[in-house]
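The values are calculated or read from the model by the stated rules, or taken from the named source; none is laboratory data. No experiment lies behind these values; they were computed from the predicted model shown. Because the Cβ atoms are built from the backbone with ideal geometry, glycine has one as well, and the counts that use them run over all protein chains shown. Each accessible area value is taken on the protein alone, full model and side chains, heavy atoms only, with ligands, DNA and RNA left out. Shrake-Rupley method; radii C 1.70, N 1.55, O 1.52, S 1.80 Å.
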Amino acid sequence: MLEQQLINGLTLGLIYALIAVGYTMVYGVIQLINFAHGEIYMLGAFFCVTFITAAGLPFYAAILMAILCCMLCGILLDIIAYRPLRKAPRLAALITAIGMSIFLQNVALIIWGSRSRPFPQSALPPFFREKALVIGDVSLTWLQLFIFAVAIIMMIGLYLTINKTRIGTAMRALAQNKTAASLMGINVNYVISFTFALGSAMGAVAGILVSVYYNTLYPTMGYTAGVKAFAAAVLGGIGSVPGAMVGGVVLGVAEALGAGYVSSLYRDGVAYAVMIAVIIFRPSGILGRSVVDKA
Amino acid sequence: MRAKNWTKAVLAACLLVLVCSPAWAQKIKIAVAAPLTGPAASYGENIKSGVETKVEEINAAGGINGVMVEVAYFDELCEPREAAVVAPRIVGDKDIVGVVGHVCSSAHLAALPTYVRMGMPVISPTATNVTISQQNKDNQGRVWSFRNVYLDDYQGYFLAHYVKEILGLERIAVFYENNDYGIGLKNAFVAEAKNVGLAIVGEEGYVKGATDFAPQLTRLRGGNPDGLFISGYYNEGALIAAQAENLGMNVAKFGADGLDNVDYINLGGAAANNTYMTVPFLAEAAPEQAQDFIKKFEEKYQRDLDWMSANAYDAAGKFAAAVAAVGTDRTAIRDYLAGINSMENAYIGITGATYFSEIGDPEKSAFVKMVKDGAFTAAPKQMQ
């Protein structure tokens with residue numbers, strides 16, 4: 001049973017991790033907690049399904065199109081809602097983010113209606129539902145393996161982008177000191193747009209994977225996922241990309257074990273208890289650097 | 001002295017005019033209090049489509065005594081807090097003759113005191129929690145809140161007998177939603193399960209909107225159940241069924257009216273097969289006059305008629321019948337509804353004949369339907 005719970009938790013955790021990196025990157029670069037990120041995740045799922053049902057695209061093409069649309073939404077979100085407030089107090093941007101979250105949720109309710117809808121099964125590769133591995137009581141489906149693979153590939157790609165490319169260097173520079181970076185000739189707005197696009201792409205993939213895994217998507221799905229991913233980002237040390245990955249997985253596993261061994265009613269409670277414990281005993285998060293006061 | 005007499009006369013005349021003026025107000029409004037947005041919005045949509053259809057029908061036939069009927073929608077998100085806010089607003093609108101709602105038992109319980117205190121007749125098409133009937137009488141012992149749906153304890157009791165005697169199940173794993181509906185239903189089932197000799201291998205709770213049930217299912221699987229009782233609604237129920245199948249649990253699923261929606265099959269896929277549920281309304285068993293309505297509804301909304309819509313349709317119908325008979329006075333409407341109290345003067349709707357007990361609960365029978373080959377069908381064996 002423990003092995004099965006670990007697999008359950010890992011699947012959930014990798015998805016949290018994908019959303020959490022979006023939070024953490026934006027926070028790292030402009031110190032904004034983008035609460036509308038959960039809605040990008042929701043939009044990813046809806047775009048993908050719409051491309052399949054309305055445009056008749058095959059599964060993988062629909063994923064690509066949904067990612068592109070979400071990247072665009074992320075960039076627009078920044079330009080419309082956050083860029084005008086770049087110099088305003090941080091609280092103003094935070095409130096705007098919450099407002100955008102509610103706004104996007106209701107836009108989705110108007111466009112797609114309130115009912116939960118299933119993911120079009122006929123578009124999925126048929127092997128997804130088959131068991132890849134059964135050892136005694138433990139079973140693992142191809143879909144779960146697919147989620148593992150996609151999440152890990154995306155995260156390696158992200159890691160390489162941030163650490164090995166020019167734009168990644170620019171992002172890291174911005175995270176350290178925005179003014180100094182702009183003095184060095186970095187186009188600040190371009191880098192921020194790129195960060196939003198990258199985070200939104202990860203969020204979109206997470207949304208699609210979740211809607212395939214649970215075979216359900218609904219306009220309010222971004223809220224809880226967003227809060228959980230935010231918790232994961234804080235857990236790992238907000239602003240740290242590897243931290244968000246570790247935080248997501250830790251949170252997912254803690255939740256599965258909590259639900260499986262303690263009480264299923266406390267599963268969210270267990271997740272937040274872990275987060276609170278980390279904040280108390282290691283305020284900078286698992287992988288976060290301790291902040292040295294500038295003054 | 002003379003002046004005073006004169007004032008008195010005018011007052012008396014005014015009173016006379018008031019009393020004798022026709023009972024027909026300019027407007028007849030029926031309120032729908034339901035979750036129209038938020039996570040439970042799809043239940044609200046069911047209620048809305050039922051009431052909407054009934055009111056369109058009435059207006060197409062010329063209204064009630066020539067007055068067109070309007071529907072006023074009040075969104076309460078299925079949340080007790082919101083329901084308590086909405087209720088006084090409904091009571092304050094003097095054109096409203098009655099409320100169809102609320103959907104969720106918790107929301108209904110929160111709004112109930114306002115209706116009872118302020119004298120507003122209300123018929124809930126869906127709230128099945130047991131404790132409601134203890135709170136719907138005012139100081140004079142008059143019932144203001146009626147229900148068009150049977151109670152959780154009856155469904156739980158019925159299910160325990162059905163799965164043991166008809167399906168022959170032995171070991172049951174229980175999933176319940178952590179709200180008044182899920183807990184009430186589960187408690188009634190578990191209590192009766194002991195009497196009929198069913199073994200309960202485990203009980204797991206969840207909150208509305210949860211999507212991941214694998215950890216709880218993994219734990220329940222260890223108890224080797226042959227039946228899975230889902231005491232909740234169809235959105236989560238479908239996910240529970242699907243994830244149980246993913247974990248290799250090949251069990252019969254069963255639940256109550258909360259599961260009854262075509263989305264249960266859409267979301268659950270193949271895993272939805274072999275699910276049994278009690279319903280207050282079964283199209284196959286519906287009276288003849290209902291078949292026409294069923295066809296019209298399915299054409300208009302492009303989905304199967306669900307029991308929520310059917311009950312809401314009948315609830316609106318009861319208000320319409322009351323207004324047609326006694327006018328728009330709320331107390332008179334209440335008296336009319338309370339008078340529907342035996343089989344002889346039952347209201348004949350599309351869900352069959354309904355009448356209320358003296359505490360406002362309906363006398364209705366339960367039907368069992370099942371999912372077979374990806375579609376709802378009447379269960380081969382019914383139990384009476």
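Going by the structure shown, is A:Val212 in contact (Cβ under 8 Å) with a residue 24 or more places away in the chain, open to solvent by less than 60 Å² (accessible area, probe 1.4 Å) and of a type outside the set (Phe, Trp, Tyr)? The answer is yes for A:Val212.
When A:Ser193 is tested against (1) open to solvent by less than 10 Å² (accessible area, probe 1.4 Å); (2) under 18 Å from the mean Cα position of the chain (by Cα); (3) not β-branched (Val, Ile, Thr), just one condition goes unmet, and that condition is (1). Scanning segment B:314-330 for residues that are among the charged types (D, E, K, R) and surrounded by fewer than 21 Cβ atoms within 10 Å (Cβ to Cβ), which turns out nearest to B:Ile47 (Cα to Cα)? Going through the qualifying residues, I end up with B:Arg330.
Do we have any residue at all in segment A:249-269 that's within 25 Å of A:Leu160 (Cβ to Cβ) and open to solvent by 20 Å² or more (accessible area, probe 1.4 Å)? Quick ask: steps written out before the conclusion?
Pass one, segment A:249-269, residues within 25 Å of A:Leu160 (Cβ to Cβ): A:249-252.
Still in the list and also open to solvent by 20 Å² or more (accessible area, probe 1.4 Å): A:249-250.
Yes: one or more hits.
Which one of A:Leu32, A:Leu18, A:Leu10 is closer than 30 Å to B:Arg221 by Cβ, at pLDDT below 95 and away from chain B (no Cβ under 14 Å)?
Working: A:Leu32 fails: closer than 30 Å to B:Arg221 by Cβ; A:Leu10 fails: away from chain B (no Cβ under 14 Å).
Only one candidate qualifies: A:Leu18.
Among the residues of segment B:204-218, those identified as closer than 16 Å to B:Met249 by Cβ and touching a strand residue (DSSP E or B) at 6+ places or on another chain (Cβ under 7 Å) are B:Glu204, B:Phe213, B:Gln216. Pairs meeting the criteria (first residue in segment A:175-199 and free of Cβ contacts under 8 Å to residues at least 60 places away in the same chain and farther than 19 Å from A:Ile19 by Cβ, second residue of a type in the set (Lys, Arg) and open to solvent by 20 Å² or more (accessible area, probe 1.4 Å), beta carbons under 7 Å, at least 6 apart or on different chains) are A:Val188/A:Lys178.
Scanning segment B:224-245 for residues that are at the interface with chain A (Cβ under 10 Å from one of its Cβ atoms) and either hydrophobic (A, V, I, L, M, F, W, C) or buried (at least 22 other Cβ atoms within 10 Å of the Cβ) (or both) returns B:Tyr234, B:Asn235, B:Glu236, B:Ala238, B:Leu239, B:Ala242, B:Gln243.
If you go through segment A:136-152 one residue at a time, do you hit one that is exposed (fewer than 14 other Cβ atoms within 10 Å of the Cβ), within 22 Å of the chain's Cα centre (by Cα) and either modelled with pLDDT of 85 or more or away from chain B (no Cβ under 13 Å) (or both)? Lay out the reasoning, then the answer.
So the first thing to find is which residues in segment A:136-152 are exposed (fewer than 14 other Cβ atoms within 10 Å of the Cβ), and the list is A:136-137, A:149, A:152.
Of the ones still in play, those that are also within 22 Å of the chain's Cα centre (by Cα) are A:149, A:152.
Now narrow it down to the ones that are either modelled with pLDDT of 85 or more or away from chain B (no Cβ under 13 Å) (or both): A:149, A:152.
Yes, segment A:136-152 contains at least one residue that is exposed (fewer than 14 other Cβ atoms within 10 Å of the Cβ), within 22 Å of the chain's Cα centre (by Cα) and either modelled with pLDDT of 85 or more or away from chain B (no Cβ under 13 Å) (or both).
Put simply, of A:Arg166, A:Arg129 the only residue that is more than 14 Å from chain B (Cβ to nearest Cβ) and over 21 Å from A:Ile79 (Cα atoms) is A:Arg166. Can you find a residue that is open to solvent by less than 60 Å² (accessible area, probe 1.4 Å) and of a type in the set (D, E, K, R) anywhere in segment A:157-178? Within segment A:157-178 (the criterion being open to solvent by less than 60 Å² (accessible area, probe 1.4 Å) and of a type in the set (D, E, K, R)), the answer is no, since none of the residues qualifies.
Is it the case that B:Gly202 is at pLDDT below 90, over 25 Å from the mean Cα position of the chain (by Cα) and within 11 Å of chain A (Cβ to nearest Cβ)? Here the answer is no, as B:Gly202 does not meet what is asked.
For beta carbons closer than 7 Å, sequence separation of 6+ or different chains, a first residue in segment A:270-295 that is under 17 Å from A:Tyr27 (Cα atoms) and a second that is modelled with pLDDT under 80 and hydrophobic (A, V, I, L, M, F, W, C), the qualifying pairs are A:Ser284/A:Val291.
Restricting attention to segment B:24-66, the residues that are open to solvent by 20 Å² or more (accessible area, probe 1.4 Å), within 14 Å of chain A (Cβ to nearest Cβ), not aliphatic (A, V, I, L, M) and not in a helix (DSSP H, G or I) total 2.
Looking at segment B:275-289, can you tell me whether even one residue there is of a type outside the set (Val, Ile, Thr), facing chain A (nearest Cβ under 10 Å), over 19 Å from the mean Cα position of the chain (by Cα) and surrounded by fewer than 24 Cβ atoms within 10 Å (Cβ to Cβ)? No, segment B:275-289 contains no residue that is of a type outside the set (Val, Ile, Thr), facing chain A (nearest Cβ under 10 Å), over 19 Å from the mean Cα position of the chain (by Cα) and surrounded by fewer than 24 Cβ atoms within 10 Å (Cβ to Cβ).
Annotation: A:Gly243 fulfils all but one of (1) buried (at least 23 other Cβ atoms within 10 Å of the Cβ); (2) within 14 Å of chain B (Cβ to nearest Cβ); (3) in contact (Cβ under 8 Å) with a residue 60 or more places away in the chain; (4) not β-branched (Val, Ile, Thr); the unmet one is (2). Note on segment A:247-283: residues that are within 10 Å of chain B (Cβ to nearest Cβ), among the charged types (D, E, K, R) and within 17 Å of A:Ala233 (Cα to Cα) total 2.
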